[in-house]
Structures are given as structure tokens and as C-alpha cells.
1. Residues that are within 24 Å of P279 (Cβ to Cβ) and of a type in the set (D, E, K, R): does segment 80-100 have at least one?
2. Specify the residue that is modelled with the lowest pLDDT; the eligible residues are those in segment 222-247 that are under 19 Å from the mean Cα position of the chain (by Cα) and at positive phi.
3. When only residues in segment 89-113 that are farther than 19 Å from R316 by Cβ and surrounded by fewer than 20 Cβ atoms within 10 Å (Cβ to Cβ) count, which is nearest to the ligand (Cβ to nearest atom)?
4. For segment 171-279, list the strands (runs of 3 or more DSSP E) that sit wholly inside it and hold at least 3 residues that are within 14 Å of the ligand (Cβ to nearest atom), assigned by TED's automatic domain parsing to the domain that holds N128 and within 23 Å of D104 (Cα to Cα); which are they?
5. Please tell me if D134 is part of a loop (DSSP other than H, G, I, E, B), of a type in the set (D, E, K, R), surrounded by fewer than 21 Cβ atoms within 10 Å (Cβ to Cβ) and modelled with pLDDT of 95 or more.
6. Considering only segment 74-83, state which residues are buried (at least 18 other Cβ atoms within 10 Å of the Cβ) and not small (G, A, S).
7. Here's a check for you: in segment 1-33, which residue that is away from the ligand (no atom under 16 Å from the Cβ), among the hydrophobic types (A, V, I, L, M, F, W, C) and crowded, with 24+ Cβ neighbours inside 10 Å is farthest from R284 (Cα to Cα)?
8. Could you tell me how many of the residues in segment 184-205 are touching a residue at least 24 places away in the same chain (Cβ under 8 Å) and surrounded by fewer than 16 Cβ atoms within 10 Å (Cβ to Cβ)?
Amino acid sequence: MRIGMLTGGGDCPGLNAVIRAVVRKGVGEFGHTIVGYRHGWRGPMEGESMDLSLWTVRGLLPRGGTILGTSRTNPYKTDDGPRKVLATLARDRIDALIAIGGEDTLGVALKLEGDGVRIVGVPKTIDNDLSGTDFTFGFHTAVQIATDAIDRLHTTAESHDRVMVVEVMGRHAGWIATYSGMAGGADIILIPEEPFDIDEICDRLKHRHQQGASFSIVVAAEGATPKEGTMEVQAGEVDDFGHVRLGGIGQRLSDEIERRTGYEARMTALGHVLRGGSPSAYDRVIATRFGVEAIDAAHEGDYGKMVALHGTAVVRIPIEEGVDRLKTVDGRLFETASVFFG
Ligand code: F6P
């Protein structure tokens, strides 16, 4: 068989581990040819590919990023995009395509499936917001990086008697904020799922400081939003998939907290640091298991499936189940996190 593979959307630690697993089993055990398309859906649209031999995946397991490159290109938002993708796949005699990505990349995969492409999906995002899988790889690494940063901010916050606002990624779902905030002992965690009231936050901080605390840590997901009419925030640019470029809530919060409480405040935006570097051991293992399951599915002709983690088992589910809704932070989990607020 000739199997295409691409990585789309924002990169995340573990993508290379998936690529390695697909090639190791696909080429090494099944004897298939794996064609890697460059830069997400731009590769098949523009006919940009590379051969993925066993040799090309040596040393990839711990390497961050993706050797295939990635982009947020949406063929369905580009003139003649889907036709160009189909033409490239036909030219390259591709029997099946493994698409590694989040809601946007897999959403395109689903549409192409409707156009006759045989697809296997692999869920990826540091945000962990894909329905159908308990965890995506990359999330655990991002949480660890954020937690390490929060630990470091604690000591400098304490020395200077400051409120530290830490902004982490998570545009629609606050999984990274909730996990890293819990792990790092944050005094307030703000997530998109629970619009916040700035007055309430400042009251909590004042209460905490009146009880004797001299510093506080506030962890905010970049998509955290104030309750309507309580605080102004700026809108950003929009990408090919209609997502607003976020970032900025941390600074707004820090300014407002300092102004309203009189406590000195500083902001740290962790941003893309959370997506960079080597995957954690846990993410290397899930990524490897996902890669092996994906090539098994392609080999068996089990198309239209996305590999997923259910409990501790790797399973295959219809792609639409993986992308049909956003997986937001579980209310009970956030309630547990909030026991430690203020
Ligand atoms: O992949 C999702 C994500 O990590 C979001 O949390 C964030 O808003 C977005 O990527 C930013 O991506 P970029 O700046 O690379 O487009």
C-alpha cells in the first residue's frame, strides 16, 4: 500500500513520535510506502511531499515539533482546494491517508472522506479539547511545562509580595489551566467555561491577603472571558478556520487586579513555550500507541476512524465522534480545583 500522512494545525510534543510509530510499523513490519505531506493540508494541495523511510524517523521519539511541518491551511477555504488535494493523492497513488490533527484538521479529513478519500485520524492538541478521546498527546507535556513555570513564579511572587498572573494556552477549553493550576497550587484559576467576575476575583485576593498571605498566583486560560459587561477585552485577528488569535487576557487581568486591589501584579504569558520541546514520557507512550493503532487501521482497511484513548485502552471511533463537539472541563473537576481558591 501507499499511505500518505500529514500533521495539521498547531504543533505539539509527540507528533514526531506518532510519525515514527507509523513508519516503524508501516514500513518495517507491513512493507508499505509512507508518503509524508508537508505543512498540513497545504502539502497535498500544493503537491509538496517527502518520503518517510525507516532511516528518516531515527531519533524522532524525543524530538518536539513535527518533521513534516504544519499549517492551519483549510482546503475548503481555498480556491479549488479540495480538487487539488484529490489530484495530488491520485497522482501519488495514495491508498489511504493518516491525518494527525485537532478539530480543524480532522474536520477537513471528515469532509474529504465524503469526497472518497480513505482516512484514518489521529487526535492531537495540547488543549485536550477533542471529544471522543480521554486525552490527546501533548497535553501532559504542556501541563508539566506550565506547572514548572508556576512553581518558579511562586518563589519570586513570595519574595516580592506580588500577584502573579500566568496566562496559558487553551482557547475554548481550560484543561491546561485547570490541571497546571491544581498541580501548581494556584489561588485562582480562570477558564473559558466559567466566565469570571473581576470584582469577585479581587475580593478573593483581598480576603487571602487579609488572612496573612503576601502573594498570590492566578492562572488564566487565554480564552478566559469576563462575565458580560464586567470588564472590557480586545478581539484579535481570525485565522482560516475562523478562530480568533488570543492572548492578552493575562495583561488585562494583571492591570485590573493591581488597579483594584493596590497589590503589585505581574503577568507571564507562557504561550507557545507550552507547545515546544521534548514530549513527556507519558505523551511519548500515547503518541506511539496512537501511531501503531492508526497504521493498523489503515493496513486493515478500517477507514473513517479516529484512534482514541478510552480509559487505558486505545480504540477506534468514527472520526465524526471525535470532532462533533468540544470537550470542555468537567464541572466536578473544576469544583475540586476551586476548593483551593483564595
Ligand atoms: O492548538 C491549539 C492552540 O494551542 C490554542 O490553545 C492556541 O490558541 C493556538 O493553538 C495558538 O496557535 P498559533 O498561534 O500557532 O496559531
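1. Within segment 80-100 (the criterion being within 24 Å of P279 (Cβ to Cβ) and of a type in the set (D, E, K, R)), the answer is no, since none of the residues qualifies.
2. By that ranking, first place goes to G247.
3. Step by step, filter segment 89-113, then rank; the result is K111.
4. Passing ranges: none, list empty.
5. Details: part of a loop (DSSP other than H, G, I, E, B): yes; of a type in the set (D, E, K, R): yes; surrounded by fewer than 21 Cβ atoms within 10 Å (Cβ to Cβ): yes; modelled with pLDDT of 95 or more: yes.
For D134, the condition - part of a loop (DSSP other than H, G, I, E, B), of a type in the set (D, E, K, R), surrounded by fewer than 21 Cβ atoms within 10 Å (Cβ to Cβ) and modelled with pLDDT of 95 or more - is met.
6. Taking segment 74-83 as the starting set, the residues that turn out to be buried (at least 18 other Cβ atoms within 10 Å of the Cβ) are 74-75, 81-82.
Correct list: N74, P75, P82.
7. Keep residues of segment 1-33 that are away from the ligand (no atom under 16 Å from the Cβ), which gives 1-5, 16-17, 19-33.
Now restrict to residues that are among the hydrophobic types (A, V, I, L, M, F, W, C): 1, 3, 5, 17, 19, 21-23, 27, 30.
Next cut, crowded, with 24+ Cβ neighbours inside 10 Å only: 3, 5, 17, 19, 21-23.
Numbers: I3: 22, M5: 19, A17: 6, I19: 11, A21: 10, V22: 13, V23: 15 Å.
So the residue we want is I3.
8. Residues meeting the conditions: 4.
The values are calculated or read from the model by the stated rules, or taken from the named source; none is laboratory data. A quick note: this is a predicted structure, and the numbers were derived from the prediction, not measured. Using ideal geometry, Cβ is built from the backbone for each residue, glycine included, and neighbour counts are taken over all protein chains shown.
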